Amino acid sequence: MVKFFSRFACGVAMSFLLYGNAAAASAEPELRIGILSDAQCPKSKDSWGLKNARRGFELLRQRGVDVVVLGGDLAERGDAEVFYNFLEAFDSVFGEKKPELISIMGNHEFAPPQDDPKKKIAAFAKAFGLPADANVHRVIGGYDFIAISPEGMNQNTYKEGAEKFVKEAVASARKRAAGKPIFAFSHHPLSGTVAESGQWGSDSLKKVWDFKLPDLVHFSGHTHHPLQDERSIFQDEFTMVNTSSLCYLSRGNYANVKQLHDTWKYPQMLFVDVYADHIDIIRMALDCGREIKPGRRWRLELPLSKENFTYTAARRDSRKAPEFPAGSEAGIKVSGTKEGKPVIAFPAAVHDDFVHGYAMKFIPLEADGKSGKSFELNCMTDYYRGIDRMAENPAFALPPGRFRPGTRYRVEIRPCESFGKRGSAISTEFQF
């Protein structure tokens, strides 16, 4: 029954996504865009990332997209064969009615690091029919697309050549179609914008782009961050959107990172529908072809201006902290697995978006009645599988080396939402 419902739900979601309802059908987009990135493919034509790219291409073919953007890290080790595998898959899925294709390089296109980056750029440009610098400025359906590639493996190798290229392309775009959005692409996000860009973002992009352009809608990859997280879109003086991954999703630096071993099963991508008065950004889960959060599509009102930006840092202020249902404290269980490792399980907290993780504080209770030095473990939930598929009773393996045999501990568990707000704690005591 569960499997049948899952297939039915996927089918309903897919039908609505492809055909819409009667009200939505009255206004067709002026332009349909599909964005995929981070396939991390070896040379094999049967690689996981390429299989997911084919899935994505098939969905995009059904939608009748006008443009497909490949946002970098197509190859894991910079093998040029991978680029031709992508082109073969693209041609086989779309046939004669192919949409425009725009491809940019990621850091993995420059692997291994001892290889000459100029030769890597030349190989990529040759495969995709790009200019020698692998940068692109193209007008499609009346909209400007500006896409730049790095010049090496390091995320801060966007240099003077890209700066000159972008400056001229943006000036041309604003002169040609003033007031229209400019669609920009780089593999790396700008540091300090979308989720995980603090660790994986590029500072050198600040020298390339004028990020005080409200008409700029900039798409990036690289972080592999799950699109369920609302921090995957960011607005300040411009708009930046992350595209997630065709291969595996980010697991962050959480204590349970080894438990999150199935993220490769849940690849994601973006559909972008451009209307005369707004842009809809549609997040897609490729494992079943479902839209992620269909009731919460990201919408950019046109013309773009700071006055109508809604995805700013101020969103955090209006978000609520997640909370445990009443009686959850009685449901905390601490035990050992078959391998002898301690495991803590408890009823899931609830939130109007989703619970991103749990902060667990462990306090040793010494024999003299005093509390010893505490430590905290932060664990991420399985939200990347789909918010409707999250575990009802999350369980986390604990590092056994952190606990002294025979010592009694008090644990305080607080649920966390993606912007960092923590709810009230539930607690219990245990001893191994």
Fill in: Angle in degrees between helix 117-128 and the longest Cα principal axis of the chain, rounded to the nearest 10
70 degrees
Worksheet item: If you wrap a convex hull around the Cα atoms of the range 352-432, how much volume per residue is inside, in Å³?
Response: 108 Å³
Response to the item:
For the range 132-231, shape from the Cα gyration tensor axes a ≥ b ≥ c, cut at a/c of 1.5 then a/b versus b/c, turns out oblate
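Please give the direction-averaged projected area of the C-alpha convex hull for the range 288-349, in square nanometres with one decimal. Working shown, then result.
Working: hull surface 35.4 nm².
One quarter of the hull surface, i.e. the mean projection, equals 8.8 nm².
If you roll a 1.4 angstrom probe over the protein chains with everything in place, what fraction of the accessible area of the chain belongs to carbon and sulfur, to the nearest %?
Using a 1.4 Å probe with all protein chains present, the chain comes out at 52 percent carbon and sulfur.
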Discussion item. Calculate log10 I(q)/I(0) of the range 24-158 for q = 0.11, 0.13, 0.18, 0.19 Å⁻¹, where I(q) comes from the Debye formula with a single equal point scatterer on each Cα and nothing for solvent.
Written reply: -0.39, -0.54, -0.99, -1.08
Discussion item. Using Cα springs under 10 Å in a Gaussian network model of the chain, which residue among Pro415, Pro325, Pro267 shows the largest mean-square fluctuation?
Written reply: Pro325
Worksheet item: Add -39500 (n - 2.57) for each DSSP H run of 4 or more in the chain, then divide by its residues: what number comes out at 222 nm, to the nearest 500 deg cm²/dmol?
Response: -6500 deg cm²/dmol
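Distance cut-off 25 Å, Cα to Cα: go down the list Lys207/Lys293; Lys333/Lys361; Lys51/Lys126; Lys258/Lys320; Lys333/Lys373; Lys180/Lys306 and report the pairs above it. Mind dumping the intermediate values first?
Values: Lys207/Lys293 35 Å; Lys333/Lys361 15 Å; Lys51/Lys126 23 Å; Lys258/Lys320 29 Å; Lys333/Lys373 23 Å; Lys180/Lys306 14 Å.
Distance filter (> 25 Å) returns Lys207/Lys293; Lys258/Lys320.
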Worksheet item: How much accessible area per residue does the chain have, in Å², with a 1.4 Å probe?
Response: 45 Å²
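What number results when the radius of gyration of the range 242-378, computed over Cα atoms, is divided by 2.2 N^0.38 Å?
After normalising by residue count via 2.2 N^0.38 Å, the value is 1.46.
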Worksheet item: Along the charge dipole of the chain, Cβ charges K/R +1 and D/E -1, which of Ala395, Ser244, Tyr254 sits furthest on the positive end?
Response: Ala395
Fill in: Cα centre as origin, Lys/Arg/Asp/Glu Cβ charges: the range 70-128 dipole, Debye
200 debye
Discussion item. Quick check for me: using +1 on Lys/Arg Cβ and -1 on Asp/Glu Cβ, what's the dipole size of the chain about its Cα centre, in debye to the nearest 20?
Written reply: 740 debye
Worksheet item: In nm, to one decimal, how far is the Asp116 label point from the Ala330 one, both placed 7 Å along Cα→Cβ?
Response: 7.3 nm
Worksheet item: For all pairs of alpha-carbon atoms in the chain, what percent lies in each bin of width 20 Å, listed from the first bin to the last filled one?
Response: 24, 52, 21, 2
Discussion item. How tilted is helix 80-94 with respect to the longest principal axis of the chain? Cα atoms for both, answer in degrees (0 to 90, nearest 10).
Written reply: 80 degrees
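What does the charge dipole of the range 246-329 about its Cα centre add up to, to the nearest 20 debye, if the Cβ of each Lys and Arg holds +1 and the Cβ of each Asp and Glu holds -1? Please list the in-between numbers first.
On the way: 14 positive and 11 negative charges, 49 e Å.
Charge dipole of the range 246-329: 240 debye, to the nearest 20.
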Worksheet item: Rounded if a/c is under 1.5, else prolate if a/b is larger than b/c, else oblate: which is the range 310-387, with a ≥ b ≥ c the root eigenvalues of its Cα gyration tensor?
Response: prolate
Worksheet entry | Estimated vicinal HN-Hα couplings, Hz - the range 39-56 in sequence order (Karplus 6.51, -1.76, 1.60; Gly, Pro = x) | 8, 6, 8, x, 5, 4, 6, 9, 5, 4, x, 6, 4, 5, 4, 4, 4, x
Practice prompt. Just name one of Tyr158, Gly201, Gln114: the one whose Cα is farthest towards the positive end of the charge dipole of the range 93-222 (beta-carbon charges, Lys/Arg +1, Asp/Glu -1).
Written response: Tyr158
Worksheet item: Using a Gaussian network for the chain with springs between C-alpha atoms less than 10 Å apart, which of these wobbles most: Tyr311, Tyr275, Tyr248?
Response: Tyr275
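The values are calculated or read from the model by the stated rules, or taken from the named source; none is laboratory data. Remember, it's a predicted structure, so these values are computed and weren't measured experimentally. With ideal geometry, Cβ positions are generated from the backbone for all residues, glycine too; neighbour counts draw on all protein chains shown. SASA here: full protein model, heavy atoms, side chains in, ligands and nucleic acids out. Shrake-Rupley method; radii C 1.70, N 1.55, O 1.52, S 1.80 Å.
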